[in-house]
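Take a look at the structure below.
The values are calculated or read from the model by the stated rules, or taken from the named source; none is laboratory data. As the structure is a prediction and not an experimental result, all values here were calculated from the model. Glycine gets a Cβ as well: all are built from the backbone with ideal geometry, and neighbour counts include every protein chain shown.
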Amino acid sequence: MTSPMHPASTGTVLLSCFGSMRVWCLAPLLGSACADVGPGDFGRTGPGPDAAGLVPEEGCTLDDDAFLWVETSQAAVATVARVEWELREPASVWALFAEVGGPTNVTDPRPAATSGQTLLLGLPEDTELMVRLVAEQDGELLCSDTRTARTGWLPAELPELELVQLRPDEVASGFFVTTVSEFMSSPWHFVLDDQGRAVWAWGGGPGGTRTRLSRDRQSMLVLEHHKDNGAPAEGVRRVSLDGGSSTVHAVPDTWVDFVELPDGTLAVLVDDTRELEHRGEQRLIRGDAVVLVRPSGENEVLWSSFDAAWPDLDREYAIVTSAYGVEAEDWSHINGMGQDPAEGLLYLTSGGLDALYAVDLATGHTLWELSAHSDDWYSDAADPLINAPHSVQPLGPELLLVFNRRGDTSLCSEAVEIELDYATGVARRTWGVQSEDCLHVDFLGNAERLQGGDTLVSWSSRGRIDQLRSDGATVMQLSASVGTIFGFVQHEGSLYPPRL
């Protein structure tokens, strides 16, 4: 194991400072240069603005008269700008926008109409930007003149975060979506750009651990659980990206994680506490279930841990307060989800049973269990493959990325790759990575493989997120203030749908 990282005190260059967000670059320690501060890599089209304004798209004719009017305004989320327009003739319209001196970005095209609006996303606080609209009419591109807009300030009570870039040229381009809270109480749901700047934030709801960008890129999906007053939480909240509206997908007794399936169905972990009798004694045993929330609004139970295993009632489990507000024995503790739509599989990690389950999304049947006490898979590894897990990401039909917190607090938590050989029934560890300073995570935590091959890890209870190379070297660290934790983290290359 390598030595702990150098503190960001010597040879550190301050890149930017605004509000409570700070970005540091450690390039002088590594003999490299710091990257320019700019918005994320989503939809970049070319050079930034020059003295005359935004460079129009190639083949675009400057025709401001095609637009009857264009207005810019600030959305409810202060870092989101709104552009509205009216045209003489129907056209599909998109916007080019950029910070002064930064790269040009492009929004997704709006359907052909004589009027419309779009959101400018991925921008930091108090930033002046230039905007140019592009209209496509009968195969011809028409460009408006350049307009200006300015983002506002996010709430002053946002948690303080600090980004340290050890290898600036290798930081994953795009955005980091996460939740920041004081022990899951009154969390803030964040989107940070690749410079560590907050470009979207929403808070004020009950405790939660998972935030996801919706598949259609129209909203943020925010998990709500463990209300501060002890009452059951409402479910999964859908917050529009402009922050102007939110609706709740009602799911009683939500737990720590959920995924959105390709058809828009939400698979949500919930509390499944049951009263069981053992030798004449009634006991409350807390298990877990997966509820499917259909786009129609209907809920159905897909799976329960009581269907996959059964508690050993000859032993006593730790007492927790269940979602029902009563004390129960915490048994299965399902705590992480991953999906493989191509194979029709849902993967679930069990921190209580040190197990990983594969569930058929069509039937809810448990297809197999990977654990030290199951015969479904064979492993000759000296250490258990699944050890206090908290997340799983399928990297292929026979390869999984698992975050193991590890039950022994003297050990480093780690992200590991597990290869599954279906022909032989053998499971083996093929790779693993720990933090350079051997962090152990007491609760939460997750790992996600990035496109370039690096791994993003949330050391949740330790208040840090790392981007790690395959050799274990740290690319960047995002740290929260003392007493503040991260929930799950995920990376998004763009906040807009793919440009076809």
| task | Might you let me know whether segment 355-369 holds any residue that is touching a Leu at 6+ places or on another chain (Cβ under 8 Å), buried (at least 18 other Cβ atoms within 10 Å of the Cβ) and polar (S, T, N, Q)? | result | no
| request: Taking only segment 303-313 into account, find how many residues are hydrophobic (A, V, I, L, M, F, W, C) and in a helix (DSSP H, G or I). | output: 2
| Count - residues of segment 101-122 that are surrounded by 14 or more Cβ atoms within 10 Å (Cβ to Cβ), under 25 Å from Ala198 (Cα atoms) and small (Gly, Ala, Ser) | 2
| query | Is it the case that Ser305 is crowded, with 21+ Cβ neighbours inside 10 Å, touching a helix residue (DSSP H, G or I) at 6+ places or on another chain (Cβ under 6 Å) and at pLDDT 95 or above? | reply | no
| Any idea which of (1) surrounded by fewer than 24 Cβ atoms within 10 Å (Cβ to Cβ); (2) part of a strand (DSSP E or B) is the one Glu125 doesn't satisfy? | (2)
| query | Of all residues in segment 393-434 being assigned to a loop (DSSP other than H, G, I, E, B) and basic (Lys, Arg), which is surrounded by the fewest Cβ atoms within 10 Å (Cβ to Cβ)? | reply | Arg406
| Gln137 is checked against (1) out of contact with any Pro (no Cβ under 6 Å at 6 or more places or on another chain); (2) within 30 Å of Thr474 (Cα to Cα) and fails just one. What number does that condition carry? | (2)
| query | If you check every pair at least six apart or on different chains, which have Cβ atoms under 8 Å apart with a residue in segment 482-500 that is within 23 Å of Gly207 (Cα to Cα) and in a loop (DSSP other than H, G, I, E, B) first and a residue that is at pLDDT below 90 and of a type in the set (Gly, Ala, Ser) second? | reply | Thr484/Ser181
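Results for (1) of a type in the set (S, T, N, Q); (2) in the same structural domain as Arg210 (by TED's automatic domain parsing); (3) closer than 19 Å to Asp466 by Cβ, shown as yes or no for each residue.
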{"site": "Thr107", "(1), (2), (3)": "yes, no, no"}
{"site": "Thr114", "(1), (2), (3)": "yes, no, no"}
{"site": "Thr178", "(1), (2), (3)": "yes, yes, yes"}
{"site": "Ser186", "(1), (2), (3)": "yes, yes, no"}
| Residue check for Glu316: loosely packed, with under 14 Cβ neighbours inside 10 Å, assigned to a loop (DSSP other than H, G, I, E, B) and in the same structural domain as Val416 (by TED's automatic domain parsing) | yes
| For segment 282-302, what are the residues that are of a type in the set (D, E, K, R), assigned to a strand (DSSP E or B) and either closer than 24 Å to Ser374 by Cβ or modelled with pLDDT under 95 (or both)? | Arg286, Asp288
| request: Would you please list the contacts, defined by Cβ atoms under 6 Å and residues six or more apart or on different chains, that run from a residue in segment 82-96 that is free of Cβ contacts under 8 Å to residues at least 40 places away in the same chain to a residue that is acidic (Asp, Glu)? | output: Glu84/Glu71
| Taking the stated definitions as given, is Glu86 at pLDDT 95 or above and touching a strand residue (DSSP E or B) at 6+ places or on another chain (Cβ under 8 Å)? | yes
| message | Taking the criterion of being more than 21 Å from the chain's Cα centre (by Cα) and touching a residue at least 40 places away in the same chain (Cβ under 8 Å), would at least one residue in segment 276-284 satisfy it? | response | yes
| said: Quick check on segment 458-500: of everything there that is out of contact with any strand residue (DSSP E or B) (no Cβ under 9 Å at 6 or more places or on another chain) and assigned by TED's automatic domain parsing to the domain that holds Leu192, which residue is modelled with the lowest pLDDT? | reply: Val482
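Starting from residues that are surrounded by 13 or more Cβ atoms within 10 Å (Cβ to Cβ) and not β-branched (Val, Ile, Thr), keep the ones in segment 65-79 and report whichever is farthest from Arg147 (Cα to Cα).
Ala76
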| query | Can you name the residue in segment 475-500 that is β-branched (Val, Ile, Thr) and buried (at least 21 other Cβ atoms within 10 Å of the Cβ) and is also farthest from Glu417 (Cα to Cα) among such residues? | reply | Ile485
| note | By residue number, the members of segment 247-262 that are within 20 Å of Leu361 (Cβ to Cβ) and among the hydroxyl-bearing types (Ser, Thr, Tyr) are Thr254
| task | Count, please, the residues in segment 340-389 that happen to be within 19 Å of Phe443 (Cα to Cα) and not in a loop (DSSP other than H, G, I, E, B). | result | 6
